[in-house]
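The structure under discussion appears below in the form of structure tokens.
The values are calculated or read from the model by the stated rules, or taken from the named source; none is laboratory data. Fair warning: this is a prediction, and the values are worked out from it, not measured in the lab. In this analysis, Cβ positions are derived from the backbone assuming ideal geometry, glycine residues included, and neighbour counts consider all displayed protein chains. Each accessible area value is taken on the protein alone, full model and side chains, heavy atoms only, with ligands, DNA and RNA left out. Shrake-Rupley method; radii C 1.70, N 1.55, O 1.52, S 1.80 Å.
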Amino acid sequence: MPTYSEVFSGISVGGHQLASVTHHAGSDDVVLFCHGFRGEKSGPNRTFVTLARALASHGISSLRFDQYGSGDSEGDFIDSRFDDWVSVIRILTRQYLSEGKRFALFGQSMGGSAVICAAAGLDVSAVVSWVPDASTDQFAPDPRGFVEEGGQRVDNAFWTEAHRADIVGKLKEVTAPCYLVFGTSDEYVSAPNREALINACQPTDQIDVFDGYPHSSWSFEQAEDIIRRSAAFFGTLSPP
């Protein structure tokens, strides 16, 4: 079994100081992890940590990080912007591709939507997206200037940018193999938004729709199964 190390540090991207964890597995295969709205680099119930370690044990490195204003990174959450999320992902992707890495993208929720947008037009090796939201419905800005959810506030601009990003259209432009995961009891991603993304996938893409699964509060066994499926998907794209 390959050995690997975990390095807790920080990275500077687009003028932002971002907290990060790198899982070094000693290979040129790297997966970038992108958390969701109000999330952070460990993922819901530390699923990102589990997946990153599973990948590392099979020789695939990864980078988990907190977007600006999230987790341990600098800034305040209210200043988060969806376009900035996509820009940071694209900057990191181009950096690793320029170093000759086989680079893949992974994201959850709005992080999953962001990696879809970032992957369009870039030569990534794979995209895995858990419960992404297509945001095809109309967004009504809050008259207070911000949206509050779970005790955190974000400027209306985050959701305005997400809804105008054309996430469905961007998915159609992604040439890398994709694996998308959805739940039929998702309290955030509506059935029309789910179906819009499914219909935008290529026939060769992999899609799992789990009956009764919520957005992120999966049971241990549910999470374990999805982590296994995701790691296997990334693993098939690595050369022997």
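Here, segment 21-86 yields an orientationally averaged convex hull projection of 4.5 nm² when only Cα atoms define the hull. Among the protein heavy atoms of the chain, carbon and sulfur supply 49% of the accessible surface, probe 1.4 Å, non-protein parts ignored.
Under DSSP H, which helices of the chain have Cα atoms covering 18 Å or more of the helix axis and a Kyte-Doolittle average no less than -1.0?
Membrane-span-like by this rule: 82-98, 220-236.
Dividing the convex hull volume of the alpha carbon atoms of segment 110-149 by its residue count, what do you get in Å³ per residue? Numbers along the way, then the final one.
On the way: hull volume 3.8 nm³, N = 40.
Looking at segment 110-149, the number lands at 96 Å³ per residue.
Roughly how many Å² is the accessible area per residue of the chain, as a whole number, for a 1.4 Å probe? Mind dumping the intermediate values first?
On the way: 10410 Å² over 240 residues.
For the chain, the per-residue accessible area is 43 Å².
The distance from the alpha carbon centre of segment 20-44 to that of segment 183-230 is 20 Å, rounded to a whole number.
Taking Cβ atoms as reference points and 15 Å as the exclusive limit, the residues near Ala19 contribute a net charge of -4, counting Lys and Arg as +1 and Asp and Glu as -1.
Computed from point charges on the beta carbon alone (+1 for Lys and Arg, -1 for Asp and Glu), the dipole magnitude for the chain about its Cα centre is near 540 Debye.
Under a model in which nothing but the beta-carbon of Lys, Arg (+1) and Asp, Glu (-1) is charged, segment 43-160 shows a dipole of about 620 debye around its Cα centre. Distance between the 7 Å Cα→Cβ label points at Tyr188 and Thr175: 3.2 nm.
For Ile207, the residues whose amide H sits under 5 Å from its own are Leu180, ignoring neighbours fewer than 5 places away on the same chain, with H placed 1.01 Å from N. Farthest toward the positive end of the dipole of segment 143-236, out of Gly183, Trp159, Ile227, is the Cα of Trp159, where the dipole comes from beta carbon charges about the Cα centre.
Restricting the calculation to Cα atoms, segment 143-203 shows an Rg/Rh of 1.05 when the hydrodynamic-style radius is the Kirkwood one. Annotation for segment 64-92 versus segment 146-176: alpha-carbon center distance of 13 Å.
Among Ser57, Gly71, Gly36, flag the residue with its Cα farthest along the positive direction of the charge dipole of segment 36-89, charges on Cβ as +1 for Lys/Arg and -1 for Asp/Glu. After comparing all options, I get Ser57. Working note: Cα gyration tensor of segment 50-153, eigenvalues times five, square-rooted, sorted largest first, giving semi-axes of 27, 16, 14 Å.
Selection among Ser129, Leu97, Ser109 by position relative to the dipole of segment 51-153 gives Leu97 as farthest towards the positive end (Cβ unit charges, Cα centre). Once each of the GluC sites (Glu not before Pro) sitting in a DSSP loop with at most 11 other beta-carbon atoms within 10 Å is removed, the chain keeps 1-98 as its longest stretch. Bridgeable aspartates and glutamates around Lys41 (alpha carbons under 17 Å apart, same-chain partners fewer than 8 residues away excluded): Glu6, Asp66, Asp72, Glu74, Asp76, Asp84.
Any idea what the alpha-carbon Rg over 2.2 N^0.38 Å comes to for the chain?
0.94
Per residue of the chain, what 222 nm ellipticity follows from adding -39500 (n - 2.57) for every DSSP H run with n ≥ 4, rounded to the nearest 500?
Numbers: 7 runs with 81 residues, N = 240.
That calculation yields -10500 deg cm²/dmol at 222 nm.
In terms of overall dimensions, the C-alpha atoms belonging to segment 113-219 reach 44, 34, 20 Å along their principal axes, ordered largest to smallest. When you restrict to C-alpha pairs under 8 Å that are six or more residues apart and normalise by the size of segment 96-240, the relative contact order lands at 23 percent.
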